[in-house]
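Readers should treat all values here as calculations from the given coordinates under stated rules, not as data from a laboratory. Bear in mind the structure is a predicted one, so any value in this text is a computation, not a measurement. Quick reminder, even Gly has a Cβ in these numbers, built from the backbone with ideal geometry, and neighbours come from all protein chains shown.
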Amino acid sequence: MSATRDHARFLAAAAAALPRGPACARGVFLVTPEGFGRPSETAGDNRYMSSEPVDAARARDEHAALARALAARMPTLLFPGDPEAPDGVFPNNAFATAPGRLIIGRMRWPIRRRETARADIRRFFLELLRYEAIDLSQREDLTAELTGSLVIDRGRRIGYCGLSERCDETGARAMHEAFGLAATFVFPLAPGEYHTNVVMSSLAGRALLIAPSGFADPSDAECIIAAHGGAIVVLDEAQKRAFAANAIALDPETVWMSERAADALTAAQARQLRRAGFRIATVPLAELEKGGGSLRCLVAEIY
């Protein structure tokens, strides 16, 4: 099926979708925070950005600690940041993968289009790994900020795509095709929300973190809960603001989130995740979170 807003159609397709792919990535890459904290035009639609000054040295230390923590669990690559592209520390919006494919996004803001033009990341996947390129970056008819806007249950190949200034319906359809998804549910985010991955996360297909306040229509959140199954952890507005939904399962046993995000969970919510088979791994990211994203935004998956 194609990407759809229709609840009944999506629920039927999701029910028919069987696990066919890896639920978790086989590796990740990060981009170091060179130039991070400089004023960016992307603040125009990201209310999660802080107006407080950034301690650049502390941000570098946080990023290095995250890289070390991830590398202890899985292959972790680092690409150098570009001082002229300070938002590049959040690479999952610009680059994403499906098995054998590199997908390159179409960014809303011109400053972020510098990221998608990077020859080093392109060459790593296209020349070294021999991935096929699906390049959306030159398409002027759409906006598609990849796994910022599109949350994916990889095992069942089901997508959840939130519409905002960072992703339109044409972009949603293009990503559905690029990732080879079996079903994609398309819905508007609440006014002021910029990316889906700050309002929800699918964790290895077994658990769902979701903040209904991030949806323009509460019934869309209910549809996602019905389609997802498994453990459902419903987050309130304060928890969403603390980036509790900006989490990722990089292996079947571990959910990664920032210390701030984990601290925002209640004891009952943490138990829900443990009952679903996950331990919670945390890294302090207070300086990097001033840029309007958290741990999931810092990680680009390699499938």
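Scanning the chain for DSSP H helices at least 15 Å long along the axis (C-alpha atoms) with a Kyte-Doolittle mean no lower than -1.0 picks out 56-71, 218-228. Other residues whose C-beta falls under 11 angstrom from the C-beta of Gly21 contribute a net charge of +3, scoring Lys and Arg +1 and Asp and Glu -1.
Each of Thr32, Leu18, Tyr131 was scored by the projection of its Cα onto the charge dipole of the range 7-302, and the greatest displacement toward the positive side belongs to Leu18; charges sit on the C-beta of Lys, Arg, Asp and Glu.
Counting Lys and Arg as +1 and Asp and Glu as -1 over every other residue whose Cβ lies under 14 Å from the Cβ of Ser2, the net charge comes to +1. The alpha carbons of the chain occupy a box of 47, 43, 36 Å along the principal axes, longest dimension given first. In this structure the amide hydrogen of Leu163, modeled in the peptide plane, comes within under 5 Å of the amide hydrogens of Phe187, Leu189, none closer than 5 places in sequence on its chain. Projecting the Cα atoms of Ala207, Ser51, Asn246 onto the charge dipole of the range 7-302 (Cβ charges, centred on the Cα centre) puts Ala207 farthest toward the positive pole.
Relative to the Cα centre, the charge distribution of the chain, modelled as +1 at Lys and Arg Cβ and -1 at Asp and Glu Cβ, gives a dipole magnitude of about 940 debye. Each of Lys240, Lys290 was scored by other Cβ atoms within 10 Å of its Cβ. Arranged with the fewest first, they read Lys290, Lys240.
Beta bridges assigned by DSSP with both partners in the range 149-252 are antiparallel in approximately 50 percent of cases. When the alpha carbon gyration tensor of the range 1-101 is reduced to an equivalent ellipsoid, its three semi-axes come out at 33, 21, 12 angstrom, largest first. Calculated from DSSP H runs of 4 or more alone, at -39500 (n - 2.57) each and per residue, what is the 222 nm mean residue ellipticity of the chain, nearest 500? Value at 222 nm, helices only: -7500 deg cm²/dmol. Taking amide H as placed 1.01 Å from N in the peptide plane, the amide H of Ala281 sits under 5 Å from that of Val255, Trp256, Met257, each at least 5 places away or on another chain.
Taking every alpha-carbon pair in the range 49-136 and binning the separations at 10 Å intervals from zero gives 14, 42, 35, 9, 0 percent.
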